[in-house]
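Enquirer: One structure coming up, written as C-alpha cells, with questions to follow.
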Amino acid sequence: MSPRKVLPGVVSLYRERLVPLWERYHTPRTVNDALACLARYEGRARLVAGGTDLLIDMQHVEKGEHPLAALVDVTSVSEMTSISESHDWLHVGAAVTHTSIVNSSIVERYATCLVESCGVVGGLQVRNVATLGGNVAHALPAGDGTTSLVALGAEAEVAWHNGIREWLPVTQMFRGPGISALDSRQDVLVGFRFRSSRDGEASAFKRIMRPQGVALPILGCAVWVQLDESHQVLKDLRICISPVERVPVLAAAVEDSLRGQIISDALIRKVASAARDQLGPRASKYRSSAAYRSHMIETLLNQVLPLAIARARSGVARAEGVGLG
Ligand SMILES: Cc1cc2nc3c(=O)[nH]c(=O)nc-3n(C[C@H](O)[C@H](O)[C@H](O)COP(=O)(O)OP(=O)(O)OC[C@H]3O[C@@H](n4cnc5c(N)ncnc54)[C@H](O)[C@@H]3O)c2cc1C
C-alpha cells in the first residue's frame, strides 16, 4: 500500500486513540461551582451531561484544532438530577436521564407525553445516560424530549455566566438547528418546569421513525389538551410537531382551528387534513422529503389528538410505546 493511503489511517488512529479530546474532567456539586469552573477556563471548557451528542461532535474535531481544556460534568449536581412536584408544578432537572423520566410515575401521570418521548430516544444504553437538558441544549428541532416540553408549555431555568438566573419559555432556548440560546462553554441549563395536568387535561406523543434510524425521528408530534367540564369541548390545547421550522414551535394555526370547538371525529379529521397544507415542514437530506412529512402530519394528528382527548376524559394516563426504540 502506498504511503499516501496509509497516512490518513495513521493520522486518524493517532487522533482517535492518542490525542485526548479533553485535558481535565470536573464534577462540580452545585450550579455555582459549575459556572465558576467554566469561567476559570475562559471558553476552553465545555459542559457535559450524558455525552451522547457531545462526544460524537467532539470526534469530528478538525485536524490541528486544540482539544478542550476541560469537560465540566453536571451529573453530580443534585438540583439538576431530581424530579419533584410542588403545588401545581412539576420540576425536572436538566441532568435527569431519559430512563429516570420513563421510570417516574409522577411524570407519567401528569406529563404523559414526556415519558412517551423520552421512552423512544435511542436505545436503552443511550437513555440510561442521555439527559433531557442535553436534548434541549443540543438544540435540534426534532429532539424528542424537546417536542413534548414545547407542547407542555414548559419553562427552562438558565444560570447565565453573568450571574443572572431566570425562567424562560422553553421555546426561547433555540436560535436555529443546532444553535442554542445558551453557550455551553459558560452557561448552565438547570432544569424545566411545567404545570401538572389536572382533571380534564392530558397529553400524548408519537413519532414516525425509520426502522433502522438511530438518532432523530422523521417527525414527532406532542399534544396537550384541556377539556371543558362536560368533556365535550376542547377548551385549550397545545400542539408541537417537529421538525417543521428551524426551531421547535407550537402549531398555532392548527390549535386555533380546534380551540373552543365541540370534539368530533369529523372535526379532528378535517383539521388534521388542513394541517398538511398549513404547516409546510422542512425537507431533510437524510430523513425525509417535505412531502412525506406533510403526509405524516395528518397521520400523527389523527392518532395523537384522539389519544390525548381519551386520556383527558378517562383520567387514566398510561404511557404507550416506551422502550421500543
Ligand atoms: C445512538 C443515539 C441515538 C439517539 N437517538 C435519539 C432519539 O431517538 N431522539 C433524540 O431526540 N435524540 C437522540 N439522540 C441524541 C441524544 O442522545 C439526545 O439529544 C440526548 O438527550 C442528549 O443528552 P446528553 O445528556 O447526552 O447531552 P450531551 O451530549 O452531554 O450534551 C449535548 C450538548 O448540550 C450541552 N449541554 C448538556 N447539558 C447541558 C446543560 N445542563 N446546560 C448547558 N449545556 C448543556 C453540551 O455541552 C453539548 O453541547 C441519540 C444519540 C445517539 C448517540
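Enquirer: Go through 60, 87, 91 for me and flag whichever is in the same structural domain as residue 160 (by TED's automatic domain parsing), farther than 17 Å from residue 189 by Cβ and either surrounded by fewer than 16 Cβ atoms within 10 Å (Cβ to Cβ) or touching a residue at least 40 places away in the same chain (Cβ under 8 Å) (or both).
Expert: Selected residue: 87, the only one of 60, 87, 91 that is in the same structural domain as residue 160 (by TED's automatic domain parsing), farther than 17 Å from residue 189 by Cβ and either surrounded by fewer than 16 Cβ atoms within 10 Å (Cβ to Cβ) or touching a residue at least 40 places away in the same chain (Cβ under 8 Å) (or both).
Enquirer: Answer yes or no as to whether residue 205 is at pLDDT 95 or above, away from the ligand (no atom under 12 Å from the Cβ) and buried (at least 23 other Cβ atoms within 10 Å of the Cβ).
Expert: In short, no.
Enquirer: Could you list, in sequence order, all residues of region 158-208 that are aromatic (Phe, Trp, Tyr) and either assigned to a loop (DSSP other than H, G, I, E, B) or in contact (Cβ under 8 Å) with a residue 40 or more places away in the chain (or both)? Full working, then the answer.
Expert: Narrowing region 158-208 to residues aromatic (Phe, Trp, Tyr): 160, 167, 174, 192, 194, 205.
Listed by number, the residues that qualify are 160, 174, 192, 194, 205.
Enquirer: Sticking with this one: Among the numbered criteria (1) over 14 Å from the mean Cα position of the chain (by Cα); (2) crowded, with 21+ Cβ neighbours inside 10 Å; (3) more than 21 Å from residue 250 (Cα to Cα), which single criterion is violated by residue 112?
Expert: Unmet for residue 112, out of (1) over 14 Å from the mean Cα position of the chain (by Cα); (2) crowded, with 21+ Cβ neighbours inside 10 Å; (3) more than 21 Å from residue 250 (Cα to Cα): (3).
Enquirer: Just to be sure I understand, how many residues within region 265-295 are open to solvent by less than 50 Å² (accessible area, probe 1.4 Å) and under 21 Å from residue 313 (Cβ atoms)?
Expert: The total comes to 4.
Enquirer: Residues that are within 8 Å of the ligand (Cβ to nearest atom) and not in a strand (DSSP E or B): does region 232-240 have at least one?
Expert: So far as region 232-240 goes, no, none of its residues is within 8 Å of the ligand (Cβ to nearest atom) and not in a strand (DSSP E or B).
Enquirer: Which residues, taken from region 227-237, are farther than 30 Å from residue 292 by Cβ and surrounded by 21 or more Cβ atoms within 10 Å (Cβ to Cβ)?
Expert: Result: 227, single match.
Enquirer: Still on this structure: Scan 140, 54, 124 and give me the residue that is farther than 29 Å from residue 164 by Cβ and surrounded by fewer than 23 Cβ atoms within 10 Å (Cβ to Cβ).
Expert: On the way: 140 fails: farther than 29 Å from residue 164 by Cβ; 54 fails: farther than 29 Å from residue 164 by Cβ.
Criteria check complete, one pass: 124.
Enquirer: If you don't mind, there's one more thing I want to ask. With respect to residue 200, is the statement that it is within 30 Å of residue 312 (Cβ to Cβ) and either away from the ligand (no atom under 15 Å from the Cβ) or among the basic types (Lys, Arg) (or both) true?
Expert: Spelling it out, residue 200 is indeed within 30 Å of residue 312 (Cβ to Cβ) and either away from the ligand (no atom under 15 Å from the Cβ) or among the basic types (Lys, Arg) (or both).
Enquirer: Looking only at region 164-194, which residues are charged (D, E, K, R) and open to solvent by 60 Å² or more (accessible area, probe 1.4 Å)? Break it down stepwise before answering.
Expert: Filtering region 164-194 for residues charged (D, E, K, R) gives 165-166, 175, 183, 185, 187, 193.
Residues satisfying the conditions are 165, 166, 175, 185.
Enquirer: Any residue in region 209-225 that is surrounded by fewer than 20 Cβ atoms within 10 Å (Cβ to Cβ), part of a strand (DSSP E or B) and either under 16 Å from the mean Cα position of the chain (by Cα) or at pLDDT 95 or above (or both)?
Expert: no
The values are calculated or read from the model by the stated rules, or taken from the named source; none is laboratory data. Not measured: the values here are computed from a predicted model. Counting neighbours? That spans all protein chains shown, and the Cβs are built from the backbone with ideal geometry, glycine included. With ligands, DNA and RNA removed, areas are computed over all heavy atoms of the protein, side chains included. Shrake-Rupley method; radii C 1.70, N 1.55, O 1.52, S 1.80 Å.
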